[in-house]
Amino acid sequence: MDAVATPPLIDPFMRAITYLRVSVTDRCDFRCVYCMAEHMTFLPKRDLLTLEELDRLCSTFVRLGVRKLRITGGEPLVRKNIMWFFERMGRHLGQGLDELTLTTNGSQLARFAGQLRDCGVRRVNVSLDTLDEDRFKAITRWGRLADVLHGIDAAQAAGLAVKINTVALKGTNDTEAHRLVEWCGERGMDLTFIEVMPMGELDGEDRLDQFWSLGDVRRELETRWTLTDTDYRTGGPARYVRVAETGQRIGFITPLTHNFCESCNRVRLTCTGQLYMCLGQDDDADLRAVLRASEDDALLETAIREAITRKPRGHDFDYSRQKVEGQVARHMSVTGG
């Protein structure tokens, strides 16, 4: 990509926007209880951005100063010809883009780990909430734990660093925190716990009953492990501690109990071209319409810059009043986490 002197993306609160999360599909081969309804109605193909359109959009963001690109879904690896898109994004590495990475449920990693490495991916996040096969089936509804574990093996064999993302679910995996720390430590993998967020109506799932504060998670972990705060950052919202006994890092993403919005440097692009300036707000910008109306990237750049002027200071998620506040209507799979 040619070097162009382009003003960076700065939001109204003087935060530089350098991190783009891109959902390449709303489809998934799992139906996790906190992410999707069991019987989802997926988008028609005509509504989705083509891979070529995603390439054009993401390349524009890189030109505007985005330095980290995370590919998400749904499950991104179920999209047909997705490796073509990874190859296209890989060409920006060292040419404005510092990192190309992926969040996945792990089900397809055994097929694609080597190709991802060849495209320039060096790290992947794997969503895994339990190591118990029956519990895994209950959480994912359609998933097979063996496929995910095989995928993790393949990713590590290909030389990819793997981080495990675990949603903390009260009454579901709250007996497994120590086991997950131990297992990740044995495999040399960092682990991040995430508070469940109030997004989408999910077949009667009660968000308040699911919510397990990460303050409580940390206090439970400290009954067995020695945790030391660090200033390590990956560009995302996690705050990390070091585990003395294993040497690994544990991250905590706490959108409810400790709002991380003050340092937010990211926006999220859906597979239909909607740009969400905040995960916890419903305001969006329709970049698909601009993209398809003109081949002039100058108009696209203008639309992106206008959207960034509407990025809010933070979200409104709140469980503190014993009811779910700040809930947004779209499912997590729409935005890509």
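The values are calculated or read from the model by the stated rules, or taken from the named source; none is laboratory data. What you see is a predicted model; the values in this text were computed from it and never measured. Heads up, the Cβs are rebuilt from the backbone with ideal geometry, glycines too, and the neighbour counts pull from every protein chain shown. Heavy atoms of the whole protein, side chains included, go into the accessibility calculation; ligands, DNA and RNA do not. Shrake-Rupley method; radii C 1.70, N 1.55, O 1.52, S 1.80 Å.
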Sole residue being among the basic types (Lys, Arg), touching a helix residue (DSSP H, G or I) at 6+ places or on another chain (Cβ under 8 Å), assigned to a helix (DSSP H, G or I) and farther than 29 Å from residue 309 by Cβ, chosen from 88, 111, 31: 111
Among the candidates 29, 55, residue that is in contact with a Phe, Trp or Tyr (Cβ under 8 Å, 6 or more places away or on another chain), surrounded by fewer than 23 Cβ atoms within 10 Å (Cβ to Cβ), among the acidic types (Asp, Glu) and within 27 Å of residue 144 (Cα to Cα): 29
Flag if residue 70 is surrounded by 19 or more Cβ atoms within 10 Å (Cβ to Cβ) and among the basic types (Lys, Arg): yes
Flag for residue 62 being more than 15 Å from residue 28 (Cβ to Cβ), open to solvent by less than 20 Å² (accessible area, probe 1.4 Å) and in contact with a helix residue (DSSP H, G or I) (Cβ under 8 Å, 6 or more places away or on another chain): no
Residue that is within 22 Å of residue 238 (Cβ to Cβ), open to solvent by less than 20 Å² (accessible area, probe 1.4 Å) and either aliphatic (A, V, I, L, M) or assigned to a loop (DSSP other than H, G, I, E, B) (or both), where the choices are 77, 100: 100
3 or more residues over 25 Å from residue 223 (Cβ atoms) and open to solvent by 60 Å² or more (accessible area, probe 1.4 Å): qualifying helices (runs of 4 or more DSSP H) within the range 132-192: 133-140, 145-157
Among the residues listed as 106, 120, the single one being in contact with a strand residue (DSSP E or B) (Cβ under 7 Å, 6 or more places away or on another chain), outside any helix (DSSP H, G or I), surrounded by fewer than 22 Cβ atoms within 10 Å (Cβ to Cβ) and of a type outside the set (A, V, I, L, M): 120
